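Nothing in this text is a laboratory measurement; each read-out follows from the coordinates by a stated rule. In this text, all values refer to a predicted model and were calculated from it rather than measured experimentally. With ideal geometry, Cβ positions are generated from the backbone for all residues, glycine too; neighbour counts draw on all protein chains shown.
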Amino acid sequence: MTELEKMQRAKMYIDKLANGVDPISGADLPFDAVLNNVRLSRCFFYVADVLRQVIDNGGEVSRGRRMMESFRITPEQIARVAVSSGALPITHLCNMINDAVGNDNMKKLSYRAVTEWLTQKGYLRVEEKGFTKRKRPGEHAEQIGIYEETRVGINGEFVVIMYSPDAQRFILDNLDSIVETNNHYSSRDDYRE
């Protein structure tokens, strides 16, 4: 019997115990039996689920959270990103880029990293108003097609920074540099997407 088969048999026994069944005879455990205790039953269900995860993983025990690869994109993947015919918010462009990469084991390109890179280059600026900070088009924004658009939502008017097709191409052309910023941000413990 292989290790995986032993795990499968152990899971079958634990499943039966969790459901109040004697795993050997198949008979229902007496209501007052210690193995039929609610706390033990919950423990059996938990152990059965852990065994299921190990079995699903081919018998390998996972060590904590899965490590995600740093974001990277090839020239072929960049070519698959279709520049929109109209302006769009940066989150939409980042979603299109992440879809072109299509790797679930990789960290995503963050819109925050893109806007931080654009801020460093002077295309966006940070405006502070009281305790609030927000990005606004910078002095070079118009050159590449970044502008603000006022929209109306359920809570009234709000401003969205829009990226024209030229701005979208500019970002795609500079993805190598932006990726460095993205990977810096995604490796920081205090950074959350």
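Observations on the structure shown:
- Chymotrypsin sites (Phe, Trp or Tyr not before Pro) restricted to DSSP loop in the stretch 112-158 with at most 11 other C-beta within 10 Å: Phe131
- All Cα pairs of the chain, percent lying beyond 24 Å: 59
- Between Asp173, Asp32, Asp104, the residue with the greatest mean-square fluctuation in the GNM of the chain (Cα pairs under 10 Å linked by springs) is Asp32.
- Structure remark: mean-square fluctuation, Gaussian network model of the chain, C-alpha springs under 10 Å; the largest value among Glu127, Glu116, Glu60 belongs to Glu60.
- Residue-wise HN-Hα coupling along the stretch 55-60, computed from phi with Karplus coefficients 6.51, -1.76, 1.60 (Hz; x: Gly, Pro): 5, 4, 8, x, x, 8
- Only lysines eight or more places from Lys6 in sequence, or on another chain, were considered; those with a Cα closer than 18 Å are Lys16.
- Candidate aspartates and glutamates - alpha carbon under 13 Å from Lys107, same-chain residues fewer than 8 apart omitted: Glu69, Asp99, Glu180, Glu193
- In the chain, excluding the sites themselves, the longest stretch lacking any of the trypsin sites (Lys or Arg not before Pro) that are in a DSSP loop with at most 15 other Cβ atoms within 10 Å is 122-187.
- Full extension of the chain between Lys6 and Asp28 yields a length gain of 5.6 nm, computed as 0.36 nm times the residue separation minus the alpha carbon distance.
- Placing dummy labels 7 Å off each Cα toward the beta-carbon, the span from Glu127 to Asn103 is 3.8 nm.
- Nearest-ten-degree value, helix 175-187 long axis tilted from longest Cα axis of the chain: 40
- The stretch 75-187: relative contact order as a whole-number percent, Cα under 8 Å and 6+ apart: 28
- GNM remark for the chain: springs join alpha carbons under 10 Å apart, and the peak mean-square fluctuation among Asn103, Asn155, Asn57 falls on Asn155.
- Using θ = phi - 60° in the Karplus curve 6.51 cos²θ - 1.76 cosθ + 1.60, the 3J(HN,Hα) couplings for the stretch 123-138 round to 7, 10, 9, 9, 10, 9, 9, x, 9, 9, 10, 8, 8, 9, x, x Hz; x is entered for Gly and Pro.
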